[in-house]
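Structure first, commentary second.
The values are calculated or read from the model by the stated rules, or taken from the named source; none is laboratory data. If you're wondering where the values come from, they're calculated on a predicted model, not measured in any experiment. Neighbour counts are summed over all protein chains in view; Cβ atoms, including those assigned to glycine, are modelled from backbone coordinates with ideal geometry. For the accessible areas, the whole protein counts, side chains as well, though only heavy atoms, and no ligand, DNA or RNA atoms are used. Shrake-Rupley method; radii C 1.70, N 1.55, O 1.52, S 1.80 Å.
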Amino acid sequence: MDSRIGRVLDIYHEMIETERNSPRDMPPSGRDGGQDQRLRAVGRETGQLINLLARSLKAPTILELGTSFGYSGIWLAEAARASGGRLITMEMHGYKSACAQDMAAKAGLADHIDFKVGDAVEMIGALSTGIDFVLVDLWKDLYVPCLDAFYPNLNPGAIIVADNMIRPGGEDVKRYGEAIRAKPDISSVLLPVGSGLEVSRFG
């Protein structure tokens, strides 16, 4: 990775460390207020893995569900640039997407990313392109609806990575694990990387 990307990742890593060591007294999160300032980033280990997986594909269309403040998008956009692909990233809150756009510009990656703000399921349904890589990392009750929305658009050989499958886990991600393994032509494995990743391949 070049120095601009490295500097931006260093900023994020400092933010992650600060958040990890701070009391959890921030404003309530939620889809209603847009006041949540917690980064909730996937972390370096997961970032490196999704970068490696996305780089293995030729000119991929990469879909990120849950832009948040843009950390994982840096890893995915770097992979898109390296492999001749493009990242489409979706976020409910405009203020988070704006931060992600600013960080992507600082990293020199903005030209490789399409930022979309709104309802993920609706926006997935409006996509007109096939998908080669998906990162699922948004509200957990949306994992299965998003899966049902993007599944018809998967290209052969597409890779799907879902975060938080072990921590915090819960019924919603359990349902996702069951749902993706029940899809035709999907092979899937749960990896103890970061907060737990369900890594799946279509076709």
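Per the Kirkwood formula on distinct C-alpha pairs, the Rh of the range 13-162 is how many angstrom?
Working: mean 1/r = 0.0644 Å⁻¹.
The Cα-based Kirkwood calculation yields 15.5 Å.
Need the list of aspartates and glutamates near Lys174 for cross-linking: C-alpha distance under 18 angstrom, and skip anything on the same chain fewer than eight residues off.
Partners within reach: Asp137, Asp141, Asp148, Asp163, Glu198.
For the chain, what is the calculated [θ] at 222 nm in deg cm²/dmol (nearest 500), taking -39500 (n - 2.57) for each run of four or more DSSP H residues and dividing by its residue count? It would help to have the intermediate numbers written out before the result.
Numbers: 7 runs with 82 residues, N = 203.
Taken over the chain, the calculation gives -12500 deg cm²/dmol.
Roughly speaking, what is the stretch gain from Glu45 to Ser187, that is 0.36 nm per residue apart minus the C-alpha to C-alpha distance, in nm to one decimal? Working shown, then result.
On the way: separation 142, 0.36 × 142 = 51.12 nm, distance 2.24 nm.
That works out to 48.9 nm of additional length.
Using a Förster distance of 41 Å, how high is the FRET efficiency between Ala59 and Asn21, based on the Cβ-Cβ distance and rounded to 0.05? Don't jump to the answer; show the numbers that get you there.
Details: r = 40 Å, r/R0 = 0.99.
E(calc), rounded to 0.05, equals 0.50.
Just to be sure I understand: of the beta bridges DSSP finds with both ends in the range 49-203, what percent are antiparallel, rounded to 5?
Values: 10 of 29 bridges.
The antiparallel fraction comes to roughly 35 percent.
What ranking do 50-57, 108-115 get when scored by the average of other Cβ atoms within 10 Å per residue, highest first? Display every interim value, and only then the final one.
Values: 50-57: 19.4, 108-115: 17.9.
Packing proxy ranking, top to bottom: 50-57, 108-115.
Can you give the extra length, in nm with one decimal, that the chain gains between Asp141 and Asp111 once fully stretched, where that is 0.36 nm per residue apart less the Cα-Cα distance? Please list the in-between numbers first.
Details: separation 30, 0.36 × 30 = 10.80 nm, distance 3.13 nm.
Result for the pair: 7.7 nm of gain on full extension.
So for each of 167-176, 189-198 I average, over its residues, the number of other beta carbons within 10 Å; can you give me the resulting order with the highest mean first? Please list the in-between numbers first.
On the way: 167-176: 14.9, 189-198: 17.5.
By packing density, highest mean first, the sequence is 189-198, 167-176.
Which of Lys96/Lys140; Lys106/Lys140; Lys58/Lys106; Lys96/Lys116 have a Cα-Cα distance over 22 Å? Each step should come with its number before you reach the end.
Values: Lys96/Lys140 18 Å; Lys106/Lys140 30 Å; Lys58/Lys106 25 Å; Lys96/Lys116 11 Å.
The answer is Lys106/Lys140; Lys58/Lys106.
Of the heavy-atom accessible surface of the chain (probe 1.4 angstrom), what whole percent is carbon and sulfur?
Values: 4790 of 9440 Å².
The nonpolar share, carbon plus sulfur, comes to 51 percent.
Can you work out the accessible area per residue across the chain, with the rest of the protein chains kept in place, probe 1.4 Å, in square angstrom?
On the way: 9440 Å² over 203 residues.
On a per-residue basis, 47 Å².
To the nearest 20 Debye, how big is the dipole of the chain about its Cα centre, given +1 on the beta carbon of each Lys and Arg and -1 on that of each Asp and Glu? Walk me through the intermediate numbers first.
Details: 22 positive and 27 negative charges, 79 e Å.
Computed charge dipole of the chain: roughly 380 debye.
Using only the alpha-carbon atoms, what does the range 77-203 span along each of its principal axes? Please give whole angstrom values in decreasing order.
Here the Cα extents, ordered largest to smallest, are 39, 30, 28 Å.
Taking 8 Å as the Cα distance limit and 6 or more residues as the minimum spacing, I'd like the relative contact order of the chain as a percentage. Mind dumping the intermediate values first?
Details: 369 pairs, mean separation 35.0, N = 203.
Taking the mean separation of contacting Cα pairs over the length of the chain, I get 17 percent.
If packing is taken as the mean number of other Cβ atoms within 10 Å per residue, what is the order of 177-183, 134-140, 39-45, highest first? It would help to have the intermediate numbers written out before the result.
Working: 177-183: 15.0, 134-140: 23.1, 39-45: 18.1.
Highest to lowest by the protection proxy: 134-140, 39-45, 177-183.
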